[in-house]
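In what follows, a single structure is set out as structure tokens and then discussed.
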Amino acid sequence: MREALWVIPTLSYLGFVVLALYGRGLTPSRAAVVGVGTVGISALLVLALAIEFMTSPPPGHAYVQVLWQWMEVEGFRPPVSLRLDALSVIMMLVITGVGFLIHLYSAEFMRGEEGYSRFFAYMNLFVGSMLVLVLADNLLLLYLGWEGVGLCSYLLIGFWYRDPENGYAARKAFVVTRVGDTAFAIALFLIFTHLGTLDIQEAMQQAGRTWGADSGMAIAAAALLLGGAVGKSAQLPLQVWLPDAMAGPTPVSALIHAATMVTAGVYLIARTHVLFALAPPVMLAVAVIGAATLLLAGFSALTQWDIKRALAYSTISQIGYMFLALGVGAWSAALFHFMTHAFFKALLFLGAGAVIMNLHHEHDMGKMGGLRTQLPLTFWTFLIGASSLSALPVVTAGFYSKDLILHNVGTSESGSLWLWGAGVLGAFLTSLYSFRMVFLTFFGEAKGKASGKPGPLIRIPLVVLAFFSLVAGLVEMPSLFAYAGLDVHLFTRFLQTTLPGITASPLPLSVEIGRELIIEALQLGGILLAYMLFLYKPGIAGVVARTPWGEALQRLWRSGWGFDRVYSVFFIRPFVWIARVNREDAVDLPYVGMIWAGFKANRFLSRTQSGKVRWYAAGIGLGALVLLGIVVLL
Amino acid sequence: MVPLEWYIGLSTVLFVIGVVGFLIRRNILIMLMSIELMLNSVNISLVAFSHYLQDLRGQVLVFFIITVAAAEAAIGLAILISLFRNKEAVHTDEMTEMKG
Amino acid sequence: MNSADFIALLPLIVPALASVVLLLLITFSRSHAVSVLFTLGSLLLSFLLLFVAGGGTPRRVTPLFIMDAYSLFFIGLLFIAGIVVAVMSSRYLGERSMERGEYYVLLLLATLGASVLAAGSHFASFFAGLEILSVSLYTLIAYRRNDDRGNEAGLKYLILAAASSSFLLFGMALVYAQTGSMDFFQLAEGGRVPDLTVVLSAGLLLITVGVGFKLAVVPFHLWTPDVYEGAPAPVAAFIATSSKGAIFALLMRYFSLMDLQRFPAVWYGIAGIAVASMLIGNLLALRQNNLKRILAYSSIAHMGYLLVAVLAGGTVAKTAVGYYLAAYFATMLGAFGVIAFLSGEEGDAENLEAYRGMAWSRPWTAGVFVAMLLSLAGIPLTAGFIGKFYVVAAGAGAALWIPLIVLVAGSTIGLYYYLRIVAVLYGRVPEGEGGAVTGFPGRVLGMTGGILLTVLTFALLWLGVYPAPLIRILQATVARLVP
Amino acid sequence: MLPKIFFGYFAVVMVVLSLLIVTRKNPVHSVLWMLALFFHIAGLYLFLNAEFLAAVQVILYAGAILVLFLFVVMMLNLKEEVMGERFGKEWPVGISIGAFILVLFFFTINKFSQGPTGQYTIERIKAETHTKAIGSVLYTEFLLPFEIASLILLIAIVGAIVLAKKTK
């Protein structure tokens, strides 16, 4: 069964090839069958593999499938090999499982759009590349998948390419993540030149031996990798692209910009955790970046009116939690939150998509309201998603994962009370903005009329995801529950073979209970405050917002803390200014000059092709002359 | 005995005359003849080398060169006839249908 | 010659015999199908006989031929190219009213000539192989004899090839006079006397003139676009691949025997040729609108890239040359294959504008073409990339920085015109009445075309993604060339 | 001394004849001068003890190839040719290339030294007769290229017929 590992990404690529070549000739339903079917079969295969992996794990809890040696030139021999271990099993389960549900959803959601088969071709390409990314056993192949998902993200954000705005958004995403990718590429060169290998496991061992803990090289390499992760996962300071990326179709936002691709940075750090563990300053940076991002994005999410932008900021914030966990060495906790987040955030996006679709492409939450009765199924599932996002205790999956992160941050040796405090404040913000969305969209008076009801292909994914958003957390219980006899740690145990556990100092029971109570109080308080502000007495929010301070803050938060403006002032405008001043000279000139020279040379050389035999013969004569000249002169 | 260098000199002069004729004449027939001239100059040097090296392989090569010269002449003239039939041209200047 | 020699030579004897038999056959039956099948059969048989002949250790059959793993590899490559060209031609000729049987006789003999070059180890076999190849090509190029361009191309090729082989012969004569030998192995011995380098270098460089003409490297390249344009598309494919590949195999053997490093004048001469070819070949193609001419210019540049490996020398360079040639063969045959199968009675499908928007009307054909172009440009995951990578690795190993910089610059220029073709393929078709007819609406690839191009494309991708088997073969054959 | 005078005569006449060949306006004249040149070359071969090659030169070159040329010259309409310009516009370029090549050749040949000698001394060739000696080399060591040469002639026949045939 394990031998079929290579089939999983191949299937998606196959779907891409078929759709790209013959997509135009296929009817929409056939295109959908190809697009959804390949991912569906992949998902089943992954499930079978995962079950096999859990019941009879391979020796060493990892299985490496070397497909072939790509090339072999003097010491440089990158193999094309896939690695199946606990980490990649979790990643694959989420990618193909959630991916399949979103594909299913898209089959109905995108119906009637121009470029239906093109959409599925890109989506399949994305799934294939994402699978390569998580399965890759060496950094070169990982980089290939990394760039592949970046390309798909670009193509899909700009899917409705007729509107130039979407094109700009796509380009912004591409350029900003490129900054991170460059850091990643430099990291690859660094690792290859200093460690002599690109094989991940080997490089990790080598790093420990050659560089040692806290050495300059390890810090540099880890920092560069972090740069790549920050770009891809939209963390400070490269988070600005993700809200604009919502220009793409909603299933794209759900799959790429919430559930899978944006968490590639988390995966990368988890995969290279040995290297990060060697560089404590970088670890601290990861934690601080995570904490700062989760707070800033939380505030921004609070003030958004576009439902998708609000969700985007929430995504940034939740990935911030994952970074926070990584930063304190709680690798499994980050992965756990990644999994639950994939379920409830995909659910929220898909729910938002259903709302938007039935309201004639209305994104503004100010113009929604009262949809609770019109779209009951969407409402209930969205409510479940929002509850899970706000980590409603015990019954939602989000509770378990967020609780694990906060617990680890509070107890880890590299954690601190400050970080813990940031996380707790973030939890308060999370429930506040989550239920703001719920109340604005589904409660209050109806401002628009929903047209029709979502079909079965939309409803099934919503229900399934809602189910997982509730129960997926049960595999890992908080340590407090152990006192109640519920000592369930399936998730961390499973990952233990790949990711080491956290070194933590246990807290007294009273402190633990106290902290737990604070968290729960703040979370429930957030929901209550949302109820007060946005449903019970909407006037209060308005009054607060109209004070000069409130207005300024609101403007700051809504614009994502003005990062775009800052970048515009500090990077883009100077750049444009330099470009304008420099329009005719300096750096550009050699390039323009080269092109000009190329064309001139072409025009001149074309004249040598006069078609005249005598002239051609003169070329031979001249050549002989020059060659003999070399002999005589040397 | 005549020094071998003299033969090389003669052969070189004939070869260069052939090259010059090839480079300046417009008539394809004469260009073909210039090629024959170049080949013959090579033959002279090969026979002379063969003689002075007391080795017959140079002369065998001459034998092949003559064969090839005959074959090239035959095909060249056949193409020329075909071309003449289509275009009434024996000048290279008229063969510039293709260029650029 | 004994029976073992005879068996070793069988792969060369079979095509020679087959050409004569085919000539007799067409006096009885002028059926096109019979000629094609006979040609394919004999080439296939010869190919299979390589495995019989390859059983033993390197064997010299008279001083003229050496049948070792190196020559067997290249002969195999040439036979495959011959088969592909024959398949292409069968469709191409089938649609035109002209003599067909003779074409295959000439094709068989041209392939034989190329194979003789690959196995040659003596000036006599060098010259004989070269000429049997050239003389067949004269006729094949001018085969469309009612077409002015065909005649013109044939005559241009003949006149210039004959002149350049005079230079070659003069060079051989000088080397012979200096060393008293024509055998490559004895030459390598005789050439070790230090005082002889001046005249020997002159001789070697005059040989390079003749070889350079066949390889179409600057400044002996001027004929290339005209001949490619005037020749039938399958013949152009043959010139671009077999003719050049065979010469290259011989060149590599000859220069590694002579040890190029000992002749600085020759080394610098070839370096100059390589650099000039890489630059000028690519520059010439920049604004060209005739596909056959673009491919001609591109082939000039590719020969320049290959010469960099020759300059480097050594085991890696030999592997590089073998790999590059295999990749280049598959790519060029595929590109010309597309042109050949899209060509009709009215002329070859060489006008770039006629391809506009073909990706929308016939995605598969356009896809094949794009794959070929990407491989020519050396984009990763195609065979062309690995080939170029190997050449660069060989060059870097020998610290040839200037040629390598030019190689990179040339590849960058190359990217422009290859991608320009891709852009045309994916371009918007002009609409309305006034729009030109594009995408060859009436033409179909047919079974043969479809299968052939599919196989070539897969070979290309296979070599690009999974090059290890071929590299292993090369390390067991080409790289073991002595010394 | 006598051989040198003999060689001097041949050399001068051959150079003059070749100059005539490449400069005559009427191709028929060029062909005829070439005929004279080939006879002189044959004479030089005799002088170098290569009787068989001398005979081949006369029979094949003079007898076959030149007749073919003459035949084609006669077949084509040459009135226009006699009237037209005989050299291309760029003739000085061609002559300078030639001149430079000649100079470089002489520089090169200056460094010439003869290679090791083989086993066919003049006495041995005389004893065996040239025809027999060359035959024994041709049919042993060079048997395979000899066969190939025959194939080249076959190609020439096929090619010439295919190309020069009138279209039906």
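Considering only residues that are more than 12 Å from chain B (Cβ to nearest Cβ) and closer than 16 Å to residue C:88 by Cα, which ones fall in the stretch C:224-256? Scanning the stretch C:224-256 gives C:232, C:233, C:234, C:235, C:236, C:237, C:238, C:239, C:240, C:241, C:242.
For the stretch D:104-123, the count of residues that are facing chain B (nearest Cβ under 8 Å), surrounded by fewer than 21 Cβ atoms within 10 Å (Cβ to Cβ), touching a residue at least 40 places away in the same chain (Cβ under 8 Å) and out of contact with any Asp or Glu (no Cβ under 6 Å at 6 or more places or on another chain) is at least one. Among the residues of this structure, residue D:46 counts as one that is within 19 Å of the chain's Cα centre (by Cα), more than 9 Å from chain B (Cβ to nearest Cβ) and in a helix (DSSP H, G or I).
Under the condition of being surrounded by fewer than 24 Cβ atoms within 10 Å (Cβ to Cβ) and part of a loop (DSSP other than H, G, I, E, B), the residues counted in the stretch A:276-298 number 1. Is it the case, given these coordinates, that residue A:553 is in contact with a helix residue (DSSP H, G or I) (Cβ under 6 Å, 6 or more places away or on another chain) and at negative phi? When the stated conditions are applied, residue A:553 does not pass them.
Let's see how each residue does on (1) touching a Leu at 6+ places or on another chain (Cβ under 7 Å); (2) touching a residue at least 40 places away in the same chain (Cβ under 8 Å); (3) small (Gly, Ala, Ser):
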{"position": "C:308", "(1), (2), (3)": "yes, yes, no"}
{"position": "C:328", "(1), (2), (3)": "no, yes, no"}
{"position": "C:353", "(1), (2), (3)": "no, yes, no"}
{"position": "C:360", "(1), (2), (3)": "no, yes, no"}
{"position": "C:363", "(1), (2), (3)": "yes, no, no"}
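Output the residues belonging to the stretch C:59-73 that are surrounded by fewer than 24 Cβ atoms within 10 Å (Cβ to Cβ), within 14 Å of chain D (Cβ to nearest Cβ) and not in a strand (DSSP E or B). Within the stretch C:59-73, C:62, C:63 qualify.
Scoring residue A:473 on the criteria (1) assigned to a helix (DSSP H, G or I); (2) farther than 29 Å from residue A:50 by Cβ leaves a single failure, condition (2). Among the residues of this structure, residue C:157 does not count as one that is assigned by TED's automatic domain parsing to the domain that holds residue C:233 and of a type in the set (Phe, Trp, Tyr). One residue alone among A:203, A:169 is assigned to a helix (DSSP H, G or I) and either touching a Ser or Thr at 6+ places or on another chain (Cβ under 6 Å) or among the basic types (Lys, Arg) (or both), and that residue is A:203.
Within the stretch A:462-503, if we keep just the residues that are touching a residue at least 40 places away in the same chain (Cβ under 8 Å) and over 17 Å from residue A:401 (Cα atoms), the residue that is surrounded by the fewest Cβ atoms within 10 Å (Cβ to Cβ) turns out to be A:503. Filtering the stretch D:84-101 down to residues that are at pLDDT 90 or above and more than 7 Å from every other protein chain (Cβ to nearest Cβ), which residue is nearest to the chain's Cα centre (by Cα)? Per the criteria, the residue is D:99.
Residue-wise test of (1) polar (S, T, N, Q); (2) in a helix (DSSP H, G or I); (3) in contact (Cβ under 8 Å) with a residue 60 or more places away in the chain; (4) surrounded by 24 or more Cβ atoms within 10 Å (Cβ to Cβ).
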| residue | (1), (2), (3), (4) |
| --- | --- |
| A:92 | no, yes, yes, yes |
| A:95 | no, yes, yes, yes |
| A:103 | no, yes, yes, yes |
| A:108 | no, yes, yes, no |
| A:114 | no, no, no, no |
| A:148 | no, yes, no, no |
| A:156 | no, yes, yes, yes |
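Determine, yes or no, whether residue C:78 is farther than 19 Å from residue C:337 by Cα and buried (at least 22 other Cβ atoms within 10 Å of the Cβ). No, not satisfied.
If you go through the stretch C:327-366 and keep only what is small (Gly, Ala, Ser) and either within 14 Å of chain A (Cβ to nearest Cβ) or buried (at least 24 other Cβ atoms within 10 Å of the Cβ) (or both), you end up with C:327, C:330, C:334, C:335, C:337, C:340, C:357, C:359, C:361, C:366.
Just one of (1) assigned to a helix (DSSP H, G or I); (2) among the β-branched types (Val, Ile, Thr); (3) under 16 Å from the mean Cα position of the chain (by Cα) fails for residue C:197. It is (3).
Condition check ((1) assigned to a helix (DSSP H, G or I); (2) within 13 Å of the chain's Cα centre (by Cα)) across all residues:
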residue: A:184; (1), (2): yes, no
residue: A:190; (1), (2): yes, no
residue: A:194; (1), (2): yes, no
residue: A:225; (1), (2): yes, no
residue: A:239; (1), (2): no, yes
residue: A:257; (1), (2): yes, yes
residue: A:268; (1), (2): yes, yes
residue: A:274; (1), (2): yes, no
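Candidates in the stretch C:24-60 are the residues that are β-branched (Val, Ile, Thr) and at pLDDT 85 or above; of these, the one that is nearest to residue C:108 (Cα to Cα) is C:39. Inspect all residues belonging to the stretch C:83-91 and state whether any of them is at pLDDT 95 or above and polar (S, T, N, Q). Taking every residue of the stretch C:83-91 in turn, none turns out to be at pLDDT 95 or above and polar (S, T, N, Q).
Determine whether the stretch C:123-131 contains at least one residue that is among the acidic types (Asp, Glu) and farther than 27 Å from residue C:12 by Cα. No - not one qualifying residue is present in the stretch C:123-131. Show the residue pairs that are 6+ apart or on different chains and have beta-carbon atoms under 8 Å apart, the first residue being within the stretch A:515-542 and basic (Lys, Arg), the second being surrounded by fewer than 18 Cβ atoms within 10 Å (Cβ to Cβ). Pairs found: A:515/A:507.
Of everything in the stretch A:198-234 that is surrounded by fewer than 19 Cβ atoms within 10 Å (Cβ to Cβ) and of a type in the set (S, T, N, Q), the residue that is farthest from residue A:244 (Cα to Cα) is A:210. Scanning the stretch C:216-241 for residues being among the polar types (S, T, N, Q) and more than 13 Å from the chain's Cα centre (by Cα) gives a total of 0.
The values are calculated or read from the model by the stated rules, or taken from the named source; none is laboratory data. None of the values given here were measured: they were computed from a predicted structure. Cβ coordinates were reconstructed from backbone atoms using ideal geometry, including for glycine residues, and neighbour counts include every protein chain displayed.
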